[in-house]
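Peer 1: Could you have a look at this structure, given as structure tokens, before my questions?
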There are 2 protein chains.
Amino acid sequence: MKKLINAVEDVVKEQLEGMATAHPDMLKVHFEPNYVTRADAPVQGKVALISGGGSGHEPMHGGFVGKGMLDAACPGEVFTSPTPDQMYEAAKAVDGGAGVLFLVKNYTGDVLNFETAAELAYGDGIKVQSILIDDDAAVKDSLYTAGRRGVGTTVLAEKIVGAAAEAGYDLEQCADLARKVNQNGRSIGIALTSCTVPAAGKPTFDLGEDEYEFGIGIHGEPGRERLPMASADEIGEKMALAILDDGPYTRTVREWDNESGDWVEKELTDPPFKSGDQVIAFVNSMGGTPVSELYAIYRKLAEICENKGVTIARNLIGPYITSLEMQGCSITLLKADDEILKFWDAPVVTPGLRWGA
Amino acid sequence: MKKLINAVEDVVKEQLEGMATAHPDMLKVHFEPNYVTRADAPVQGKVALISGGGSGHEPMHGGFVGKGMLDAACPGEVFTSPTPDQMYEAAKAVDGGAGVLFLVKNYTGDVLNFETAAELAYGDGIKVQSILIDDDAAVKDSLYTAGRRGVGTTVLAEKIVGAAAEAGYDLEQCADLARKVNQNGRSIGIALTSCTVPAAGKPTFDLGEDEYEFGIGIHGEPGRERLPMASADEIGEKMALAILDDGPYTRTVREWDNESGDWVEKELTDPPFKSGDQVIAFVNSMGGTPVSELYAIYRKLAEICENKGVTIARNLIGPYITSLEMQGCSITLLKADDEILKFWDAPVVTPGLRWGA
């Protein structure tokens, strides 16, 4: 294992120290428990947006803390869920009286620990909403998940709902928008190489020089299938169709109800894409793939979308939700209406995503 | 070799097609000869900034074309100098009457071909200036270079001089600023792995599991020395000191003279860093190293700068001048006065670098 790290047990702490030193204008890092807040938190009267999850996916989530996006991020150890006290302390630190919205990627540990934190925060009189992100079209029920995994749509949801909160949406409106973004977003990922978790010291899985993994998760979880290595056009087309030809997806989610002070179950069905849709297209590097190769994938994706009558209204191309130094990429398509596009275009100032200001 | 590419001979063309499809609002791609211009080029009355070099360093240079940065970029094949006709055609396409400034990284092929292009453009009545970037503190005279190589300071020069051109600086003022940025910038790079040039199909060099290359170039050229693998703190300190303890650097450069219509030689001496300096600190991924590890390096860099009495006024952290999928990083420090900081902070809207608008 060769990485730019010191002691394995200090990896997350020292990366957070680096972020704190680099970006005091945007964010503030708190230790033990670890969480990152906006430099100007709490913002009075504004809904506070909180996300988190295992580390190793940078810039997500800590790099998306700042004006127009997250109020707080809670980083666990590498590929390990954060603990409830992290989200609970973060919620207390960033609540400006309008409540907090948790954006939770669908992994069993994350879901459980965010649920506990929601209950603790509610017990302190903080209004809470919690929206699950489960956008990965690759597999249903995986190594770490019941249902679909939460992947690339998380980045888009953080940006869009972050802008809505900035614009004065109340807690229910923010939750509704987050749910809509999740339901209209779908992703698929592939890997050319494994990543190496520092604490493990060796690659998570073996992948031959002549094969790639289709439908990979962001932690090196197994994908749909292992395939002979193929061209960018073949891989790009297979990825695009896995999203565009995916059927409706129905499952039951749990959301917090501030009236009853308890969880309620909701059945949700995500619609498939259809001709005439306009989308935000997000082509993401898993960490070790340079942006140049992402453009080869984007080229094919744009062609397939055009053939399917789907218009790419906006795009995002680069490493935003990574899997350490894994080589590979993911595609996320998000069906976008005027509300979503308006908040996508709104200013954002974070270390990882910045425009308009 | 596993990469997201199609036929090896189409790699550059197809990546450019992907960029053209993704960013029609910012740039326009021209083929045969290949060059990328601002979508709104030529901008009448504004000095036009042109750079270029071998492909494989993306987002540099094509990703830095747009308002507030480059007017044109000329991509060669991977790690291969662009030909004179690329820069000549680009110069004609973007000259808005105020002349064109070439920013040329110091590699023998780039220097020769930009010189030919400058002479051709001058012959067509276009005012020309050409500034050499030679900021790599690692080695003097390398595999592809007489003198120091041009690396990370190129990105900073493109941003800063691009903003100055936008603000109305004339050709001589832009050239003076570019020369100042180059003279005040110094870089050092390290590699943990080799990259693989598509046309070669195998890694450029072998590097053992227990060693790294100190002072590497951006094409896998040999560095200063091969060392046993070390911690982020040890590597970060050694890199920081290679820059901060570097002495004055004197060499003779050739610049174009529009009066005589010929090249003139100038002796330049770059000053070393000293206590009391303020700098822009740029920690760059070579492509395969994720941003999380860059923060571990930044953490140490900030500590060393503080110990040396050098104040980091601004920073840039991420993959901006890469070497395909190479794992490793580089540090660039640029001594910054008020003029440099003002243009650093100015708005920029390119695919690879964006803020303030």
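The values are calculated or read from the model by the stated rules, or taken from the named source; none is laboratory data. In this text, all values refer to a predicted model and were calculated from it rather than measured experimentally. Counting neighbours? That spans all protein chains shown, and the Cβs are built from the backbone with ideal geometry, glycine included. Ligands, DNA and RNA are stripped out before the accessible areas are found, and what is left, the full protein with its side chains, is counted by its heavy atoms. Shrake-Rupley method; radii C 1.70, N 1.55, O 1.52, S 1.80 Å.
Peer 1: Listed highest first by mean packing, meaning other Cβ atoms within 10 Å per residue, what order do B:235-247, B:127-139, B:311-323 come in?
Peer 2: B:127-139, B:311-323, B:235-247
Peer 1: A further question follows. Find the centroid of the Cα atoms in region B:241-277 and in region B:22-44, then give the distance between the two in whole Å.
Peer 2: 32 Å
Peer 1: Moving on. Have a look at region B:7-43 and report residues whose accessible surface goes down by 50 Å² or more when the remaining protein chains are included, against the chain on its own, probe 1.4 Å, ligands and DNA/RNA excluded.
Peer 2: Correct list: B:Q15, B:A22.
Peer 1: Please give the per residue accessible area of chain B, computed with a probe of 1.4 Å over protein heavy atoms only, in Å².
Peer 2: I get 33 Å² per residue for this part.
Peer 1: What does the average come to when, for each residue of peptide B:250-263, you count the partner chain Cβ atoms lying within 10 Å of its Cβ?
Peer 2: The shielding value for this peptide is 0.
Peer 1: How would you order A:302-310, B:93-101 from highest to lowest mean count of nearby Cβ atoms within 10 Å?
Peer 2: Order by mean packing, descending: B:93-101, A:302-310.
Peer 1: Sticking with this structure for a sec: Based on the alpha carbon coordinates of region B:268-357, what radius of gyration and maximum Cα-Cα distance (Dmax) apply, in Å?
Peer 2: 14.1, 37
Peer 1: Here's a follow-up. With chain A rotated onto chain B, spot the residue of A whose Cβ lies nearest the axis and note the distance in whole Å.
Peer 2: Closest Cβ to the A-to-B rotation axis, residue and whole-Å distance: A:G288, 2.
Peer 1: Now, a different point. To check my understanding: the extent here is largest minus smallest coordinate of the Cα atoms along each principal axis. What are those three numbers for region B:154-250, in Å, largest first?
Peer 2: 51, 37, 24
Peer 1: Further question on the same structure: Using amide H atoms built 1.01 Å from N in the peptide plane, name the residues 5+ places from B:G52, or on other chains, whose amide H lies under 5 Å from its own.
Peer 2: Under 5 Å from the amide H of B:G52: B:C74, B:K105.
Peer 1: Follow-up question, since we're still on this one. In nm to one decimal, list the spacings between the B:P271 label point and its equivalents in the other copies, with label points set 7 Å along Cα to Cβ, shortest first.
Peer 2: Distances to the matching label points in the other copies: 6.4 nm.
Peer 1: Rounded to the nearest 0.05, what FRET efficiency is calculated for A:D337 and A:Q173 with R0 set to 25 Å and r the Cβ-Cβ distance?
Peer 2: 0.95
Peer 1: What is chain B's relative contact order, in percent, from Cα pairs under 8 angstrom and six or more apart in sequence?
Peer 2: RCO, chain B: 18 percent.
Peer 1: Please report the buried accessible area for the interface of A with B, total over both chains, probe 1.4 Å, in Å² to the nearest 100.
Peer 2: The summed interface area works out to 4400 Å².
Peer 1: Shortest first, in nm, what separates the label point of A:L112 from those of the same position in the other copies (7 Å along Cα→Cβ)?
Peer 2: Relative to the other copies, A:L112 has label-point distances of 6.6 nm.
Peer 1: Moving on. Can you tell me the Rg and Dmax of chain A, counting just the alpha carbons, in angstroms?
Peer 2: Looking at chain A, its Cα Rg and Dmax stand at 18.9, 56 Å.
Peer 1: Turning to a different aspect of this structure: Place +1 on the Cβ of every Lys and Arg and -1 on the Cβ of every Asp and Glu in region A:80-168, take the dipole about the Cα centre, and give the residue among A:T83, A:G125, A:G150 whose Cα lies farthest towards its positive end.
Peer 2: Farthest towards the positive end: A:G150.
Peer 1: I'd like the distance separating the alpha-carbon centroids of region A:79-152 and region B:290-344, in whole Å.
Peer 2: First find each Cα centre; the distance between them is then 34 Å.
Peer 1: Follow-up question, since we're still on this one. Roughly how many percent of the accessible protein surface of chain B is carbon and sulfur, given a 1.4 Å probe and a whole-percent answer?
Peer 2: It is 48 percent, rounded to a whole number.
Peer 1: Another question, if that's okay. So if I place +1 on the C-beta of Lys and Arg and -1 on the C-beta of Asp and Glu, and nothing else carries charge, what would the dipole magnitude of the protein assembly as shown be about its Cα centre? I want it in debye, nearest 20.
Peer 2: In total the dipole reaches around 420 debye.
Peer 1: Something else: Express the C-alpha Rg of the protein assembly as shown as a ratio against the empirical globular expectation 2.2 N^0.38 Å, rounded to two decimals.
Peer 2: In units of the globular-protein estimate, the protein assembly as shown measures up at 0.92.
Peer 1: Give me a single rounded figure for B:233-240: the average over its residues of other chain Cβ atoms within 10 Å of their Cβ.
Peer 2: The shielding value for this peptide is 1.
Peer 1: Further, regarding this structure: Shortest first and in nm with one decimal, please list how far the A:P33 label point sits from its counterparts in the other copies (point 7 Å along Cα→Cβ).
Peer 2: Copy-to-copy label distances for A:P33: 6.0 nm.
Peer 1: Is there a simple number for the mean count of other chain Cβ atoms within 10 Å of the Cβ of residues in A:294-304, and what is it?
Peer 2: Average neighbour count from other chains, rounded to a whole number: 6.
Peer 1: To the nearest 500 deg cm²/dmol, what mean residue ellipticity at 222 nm is calculated for chain B from DSSP H runs of n ≥ 4 alone, each contributing -39,500 (n - 2.57), summed and divided by the residues?
Peer 2: -9500 deg cm²/dmol
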